[in-house]
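Enquirer: Mind looking over this structure? Questions follow.
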Amino acid sequence: MFVWNHFTNDARVLRECTALSEDGYSVDLICIHDPKDPKLPKFEQRNDRFRIYRVRRYPLLLEILQKGYRFFLKYKPAAVLALVLWAVAVYWALWPTLLLTAFVLILWRTKVRSFWIKANICLRMIARGFQDRYDIYHSNDLNTLWQGYICAKWRWNKKKLIYDSHEVQTSRTGYNSPIYGKIEAFLIKKIDAMIVENHTRAKYNEELYGFYPYVVHNYPFAQHMEDNKKIDLYKLLNIPKEEPILLYQGGIQTGRGLEKIVQAAPLFKRGVVVFIGDGRIKPELQKMVEENQLQHKVKFLPKVPVEELLYYTRNAYLGFQVLNNVCFNHYSASSNKLFEYMMCGVPVVACSFPEIKRVVEGEQIGVCVDSHDFKDIARGVNMLLENQQLRDVCSKNCLKAREKYNWEKEKVYLLKVYKKLA
């Protein structure tokens with residue numbers, strides 16, 4: 001199995017690998033090492049049948065150049081000496097030196113450097129993928145489908161290839177170029193099975209490519225947290241005990257309605273908003289809080305290990321899932337965090353998109369709002385804040401619904417896909 005991350009917080013891939021290994025499959029997960037985390041191992045053995053390999057992120061030459069650059073910044077006299085030596089080298093070997101210098105400068109350009117790094121990761125993943133006798137290759141998302149395709153199909157005895165698309169690759173934030181759709185359209189003809197997150201996305205795929213993929217929902221492990229430990233967010237963030245915690249957990253990214261939550265915060269009758277997670281727009285969100293002097297109403301925590309997340313979630317009075325309709329990927333999302341709130345008996349204030357609305361209103365576990373309108377978000381929050389009885393009913397409904405929306409029941413559908421291929 002391939003995944004394009006460090007595999008430190010990928011709950012879905014963890015669940016899939018664990019389910020397969022427990023069902024008798026020997027699973028090797030190939031992901032990316034994080035050189036910024038010295039404690040992250042390049043190899044892990046999670047159980048007798050589940051191993052993790054993390055490939056090197058940066059090319060060796062680039063690491064040498066980066067170390068040299070940092071050395072010169074720290075020791076300026078050495079930089080002057082290097083310039084003198086470079087001048088001497090130019091005098092004695094003009095063309096080789098100029099060519100080497102041009103090569104280094106080109107590699108240092110952002111786009112070329114980024115391509116170089118990504119190509120290096122892909123090649124290392126492919127090399128790792130050929131090092132054992134695998135029967136099935138499983139690519140998580142489009143950014144590992146090339147690796148799976150080459151490993152599975154560029155051989156005399158072709159192997160099975162599964163494309164597990166966690167997102168809508170042709171309509172998602174950050175994937176605006178039409179090239180992604182063309183790549184997927186080409187590679188999708190080479191696969192043996194495709195998995196998507198829900199039936200809304202499966203229908204979209206059928207309209208686009210003419211076949212209905214397998215559906216495996218992104219439900220969390222069944223959790224019964226009532227008797228387990230709890231990490232005290234009140235103490236951790238110095239929040240008064242009488243203030244309810246209004247929680248958002250997950251990536252701090254664009255299109256998730258997080259700015260709207262901050263805008264709505266002054267309108268909340270009570271409570272403190274807590275964001276748990278990291279992401280690209282986190283600095284902007286923190287600046288927004290400071291500019292509006294909302295430090296007493298909005299708090300931030302970095303991302304926490306996936307194994308511990310629910311211990312934080314238990315503190316919440318309600319949880320947010322207010323995606324914005326910026327692409328079909330958001331509009332069609334089922335969202336893992338919705339079910340994580342459910343596992344802890346935490347009602348939600350959620351967007352009115354089809355898959356999310358079906359669960360929230362169908363199971364009566366919260367309030368659906370217009371996620372593009374911060375005033376309507378405030379209305380939903382205040383409805384649960386002012387009506388304790390409604391909130392308690394929603395909380396009890398969460399505990400009932402978690403017996404239905406959990407990985408123990410859903411993993412059967414993943415295993416069926418594998419049984420057909422194997």
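Enquirer: Out of all the residues in the stretch 16-61, which are assigned to a loop (DSSP other than H, G, I, E, B), touching a Leu at 6+ places or on another chain (Cβ under 6 Å) and under 28 Å from LYS409 (Cβ atoms)? Spell out how you get there, then give the answer.
Expert: Looking only at the stretch 16-61, we keep the residues that are assigned to a loop (DSSP other than H, G, I, E, B), and these are 23-26, 33-42, 48-49, 56-59.
Remaining after also requiring touching a Leu at 6+ places or on another chain (Cβ under 6 Å): 23, 34.
Result: ASP23, single match.
Enquirer: Also, I was wondering about something else. Which pairs turn up if I take residues in the stretch 7-29 that are basic (Lys, Arg) and look for partners that are in a loop (DSSP other than H, G, I, E, B) and at pLDDT below 95 with beta carbon separation below 6 Å, at least 6 apart in sequence or on another chain?
Expert: Every condition considered, the pairs that remain are ARG12/ASN218.
Enquirer: LYS229 - would you say it is exposed (fewer than 14 other Cβ atoms within 10 Å of the Cβ), out of contact with any Leu (no Cβ under 8 Å at 6 or more places or on another chain), assigned by TED's automatic domain parsing to the domain that holds VAL348 and in a helix (DSSP H, G or I)?
Expert: On the way: exposed (fewer than 14 other Cβ atoms within 10 Å of the Cβ): yes; out of contact with any Leu (no Cβ under 8 Å at 6 or more places or on another chain): yes; assigned by TED's automatic domain parsing to the domain that holds VAL348: yes; in a helix (DSSP H, G or I): no.
No, not satisfied.
Enquirer: Filter the stretch 275-298 down to the residues that are touching a Phe, Trp or Tyr at 6+ places or on another chain (Cβ under 7 Å) and part of a strand (DSSP E or B), then identify the one that is surrounded by the most Cβ atoms within 10 Å (Cβ to Cβ).
Expert: Here the answer is PHE275.
Enquirer: Does LYS260 fit the bill of being closer than 22 Å to LEU338 by Cβ, under 25 Å from the mean Cα position of the chain (by Cα), in a helix (DSSP H, G or I) and touching a residue at least 60 places away in the same chain (Cβ under 8 Å)? I'd like the intermediate steps shown before the answer.
Expert: Values: closer than 22 Å to LEU338 by Cβ: yes; under 25 Å from the mean Cα position of the chain (by Cα): yes; in a helix (DSSP H, G or I): yes; touching a residue at least 60 places away in the same chain (Cβ under 8 Å): yes.
Against the criterion (closer than 22 Å to LEU338 by Cβ, under 25 Å from the mean Cα position of the chain (by Cα), in a helix (DSSP H, G or I) and touching a residue at least 60 places away in the same chain (Cβ under 8 Å)), LYS260 qualifies.
Enquirer: Still on this structure, I have one more. Has the stretch 234-249 got any residue that is within 17 Å of the chain's Cα centre (by Cα) and modelled with pLDDT of 90 or more? Steps first, answer last, please.
Expert: We begin by selecting, within the stretch 234-249, every residue within 17 Å of the chain's Cα centre (by Cα); these are 248-249.
Among the residues that remain, those that are also modelled with pLDDT of 90 or more are: 248-249.
Among the residues of the stretch 234-249, at least one is within 17 Å of the chain's Cα centre (by Cα) and modelled with pLDDT of 90 or more, which makes the answer yes.
Enquirer: Any chance the stretch 192-212 includes a residue that's within 24 Å of GLU16 (Cβ to Cβ), without any contact (Cβ under 8 Å) to a residue 60 or more places away in the chain and assigned to a loop (DSSP other than H, G, I, E, B)?
Expert: Yes, the stretch 192-212 contains a residue that is within 24 Å of GLU16 (Cβ to Cβ), without any contact (Cβ under 8 Å) to a residue 60 or more places away in the chain and assigned to a loop (DSSP other than H, G, I, E, B).
Enquirer: Next question. What are the pairs with Cβ atoms under 7 angstrom where one residue, in the stretch 266-282, is closer than 7 Å to ILE252 by Cβ and the other, located anywhere, is among the small types (Gly, Ala, Ser)? Sequence gap at least six, or different chains.
Expert: If the second residue must be among the small types (Gly, Ala, Ser), the pairs left are GLY277/GLY250; GLY277/GLY251; GLY279/GLY251.
Enquirer: Could you please tell me which pairs satisfy a Cβ distance under 6 Å, a separation of 6+ or placement on different chains, a first residue in the stretch 165-190 that is over 25 Å from ARG256 (Cβ atoms), and a second residue that is modelled with pLDDT of 85 or more and outside any loop (DSSP other than H, G, I, E, B)?
Expert: From residues that are over 25 Å from ARG256 (Cβ atoms), the pairs are LEU187/LEU145; LEU187/TYR149; ILE188/TYR209; LYS190/TYR149; LYS190/LYS153.
Enquirer: Among the listed residues TYR163, TYR134, TYR180, which satisfies the condition of being assigned to a strand (DSSP E or B) and aromatic (Phe, Trp, Tyr)? Break it down stepwise before answering.
Expert: Numbers: TYR134 fails: assigned to a strand (DSSP E or B); TYR180 fails: assigned to a strand (DSSP E or B).
The match here is TYR163.
Enquirer: Just wondering, is there one or more residues in the stretch 161-180 that are closer than 25 Å to LEU415 by Cβ and loosely packed, with under 13 Cβ neighbours inside 10 Å?
Expert: No, every residue in the stretch 161-180 fails to be closer than 25 Å to LEU415 by Cβ and loosely packed, with under 13 Cβ neighbours inside 10 Å.
Enquirer: Do we have any residue at all in the stretch 8-24 that's among the acidic types (Asp, Glu), surrounded by fewer than 20 Cβ atoms within 10 Å (Cβ to Cβ), modelled with pLDDT of 95 or more and in the same structural domain as MET194 (by TED's automatic domain parsing)?
Expert: Step one: list which residues in the stretch 8-24 are among the acidic types (Asp, Glu), which gives 10, 16, 22-23.
With the extra rule that they be surrounded by fewer than 20 Cβ atoms within 10 Å (Cβ to Cβ), the set shrinks to 10, 22-23.
Adding the requirement that they be modelled with pLDDT of 95 or more leaves 22-23.
The next check asks that each one be in the same structural domain as MET194 (by TED's automatic domain parsing); those that pass are 22-23.
Looking for residues that are among the acidic types (Asp, Glu), surrounded by fewer than 20 Cβ atoms within 10 Å (Cβ to Cβ), modelled with pLDDT of 95 or more and in the same structural domain as MET194 (by TED's automatic domain parsing), one finds at least one in the stretch 8-24, hence yes.
Enquirer: Identify, by number, the condition in (1) surrounded by fewer than 17 Cβ atoms within 10 Å (Cβ to Cβ); (2) farther than 22 Å from ARG12 by Cα that LEU258 doesn't meet.
Expert: All conditions pass for LEU258, except number (1).
Enquirer: Of the residues VAL393, VAL367, which is within 19 Å of LEU246 (Cα to Cα), part of a helix (DSSP H, G or I) and free of Cβ contacts under 8 Å to residues at least 40 places away in the same chain? Can you show your working first?
Expert: Details: VAL367 fails: part of a helix (DSSP H, G or I).
Residue meeting the stated conditions: VAL393.
Enquirer: Consider TYR311 against the criteria (1) closer than 23 Å to ASP10 by Cα; (2) in a strand (DSSP E or B); (3) of a type outside the set (A, V, I, L, M): it satisfies all of them except one. Which criterion is unmet?
Expert: (2)
Enquirer: Something else now. Restricting to the stretch 381-422, what's the tally of residues that are within 28 Å of HIS166 (Cα to Cα) and aliphatic (A, V, I, L, M)?
Expert: 8
The values are calculated or read from the model by the stated rules, or taken from the named source; none is laboratory data. What you are looking at is a predicted structure, and each value in this text was computed from that prediction instead of being measured. Here the Cβ is made from the backbone with ideal geometry for all residues, glycine too, and neighbour counts use every protein chain on show.
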